[in-house]
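Participant: Following this message is one structure expressed as structure tokens.
The values are calculated or read from the model by the stated rules, or taken from the named source; none is laboratory data. Source: prediction; values computed, not measured. Here Cβ is always computed from backbone atoms with ideal geometry, including for glycine, and neighbour counts include all displayed protein chains. The accessibility values were calculated without ligands, DNA or RNA, using every heavy atom of the protein model including side chains. Shrake-Rupley method; radii C 1.70, N 1.55, O 1.52, S 1.80 Å.
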Amino acid sequence: ASERLVRTLDALSDQAILPGWSVRLIISDDGSIENIAPIIHRYAWSNPWLAPLVLLHSHEGRSATRNRAVDSATADIILFLADDIILRPRALQEHLRFHEEYPEATHAALGCIVWDPTTRITPFMEWMMHGGQQNNYDAIAGKVTCNPEHYFYGSFVSIKRAFLGDIRFSEKFSEYGWEDLELGRRLKEKGLQLFVLHDALALHRHIYSA
């Protein structure tokens, strides 16, 4: 787990940040065996990076853990990432630029993810990306917007805090169980427009089998 986190943090700390922005990293850790705080604090976070915040929980579940991070955030824009999402150059910048150009509260942004080529990509993973039920980016190639009910992936999406308000991930989902998409459905009903950032790219370092 620590090796995966280090690779994610390496990519994140190398990101370019637009002038006038400050960014704070919040790590919400749901009961890891390893102590991740030293890993995070050995990075030279400096302006425009604010001091990172580490939240420790005891197996509360995926939704609850992310909700605690949202509750601790004070930023105008919240970017959700998972610890197996490795940002490619300029990915964070693309999200920031989007929110500068589209300041409307209802406008959110989805980055694009492909499998990390250093992992063993199984036939099942290929199916997931090319017509399957998760990360089916083929279906939105060239699209400006996409349906939040199908594409609100909480691993690489940014949203205005003002629009999110007191809406949170449903804690009825204690483990992975489409809590992202269920939240997307409720946000869509509220009027969310989810734009696709085709130039905001990241690698997904995860192996799935059937």
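Participant: Test of understanding: among 123, 103, 38, which residue is more than 16 Å from the chain's Cα centre (by Cα), modelled with pLDDT of 95 or more, of a type outside the set (A, V, I, L, M) and on the phi < 0 side of the Ramachandran plot?
Facilitator: None of the others qualify; the one that does is 103.
Participant: Quick check on my filter: what residues within the stretch 135-171 are open to solvent by less than 50 Å² (accessible area, probe 1.4 Å), closer than 16 Å to residue 112 by Cβ and small (Gly, Ala, Ser)?
Facilitator: Result: 154, 155, 158.
Participant: Pick out the one residue from 150, 95 that is modelled with pLDDT under 95 and not hydrophobic (A, V, I, L, M, F, W, C).
Facilitator: Answer to the check: 150.
Participant: With 201, 187, 197 as the choices, which residue is modelled with pLDDT of 95 or more and in a helix (DSSP H, G or I)?
Facilitator: 187
Participant: Out of curiosity, is residue 166 more than 27 Å from residue 23 (Cβ to Cβ) and without any contact (Cβ under 8 Å) to a residue 12 or more places away in the chain?
Facilitator: no
Participant: Let me ask you something else. Using beta carbons and a limit of 9 Å, which pairs, at least six apart or on different chains, have the first residue in the stretch 172-187 and more than 18 Å from residue 161 (Cβ to Cβ) and open to solvent by less than 30 Å² (accessible area, probe 1.4 Å) and the second one at pLDDT 90 or above and of a type in the set (Lys, Arg)?
Facilitator: Once the first residue is more than 18 Å from residue 161 (Cβ to Cβ) and open to solvent by less than 30 Å² (accessible area, probe 1.4 Å) and sits in the stretch 172-187, its partners that are at pLDDT 90 or above and of a type in the set (Lys, Arg) give 179/66; 179/172.
Participant: Taking only the stretch 114-134 into account, find how many residues are in contact with a strand residue (DSSP E or B) (Cβ under 6 Å, 6 or more places away or on another chain), in a loop (DSSP other than H, G, I, E, B) and open to solvent by less than 40 Å² (accessible area, probe 1.4 Å).
Facilitator: 1
Participant: Please specify each residue of the stretch 45-83 satisfying the condition of being in contact with a Ser or Thr (Cβ under 7 Å, 6 or more places away or on another chain) and acidic (Asp, Glu).
Facilitator: 83
Participant: Would you kindly identify the helices (runs of 4 or more DSSP H) lying entirely within the stretch 1-113 that contain at least 1 residues that are open to solvent by 70 Å² or more (accessible area, probe 1.4 Å), small (Gly, Ala, Ser) and farther than 28 Å from residue 148 by Cβ?
Facilitator: On the way: elements: 2-13, 37-41, 62-72, 91-101.
Correct list: empty, since no element meets the threshold.
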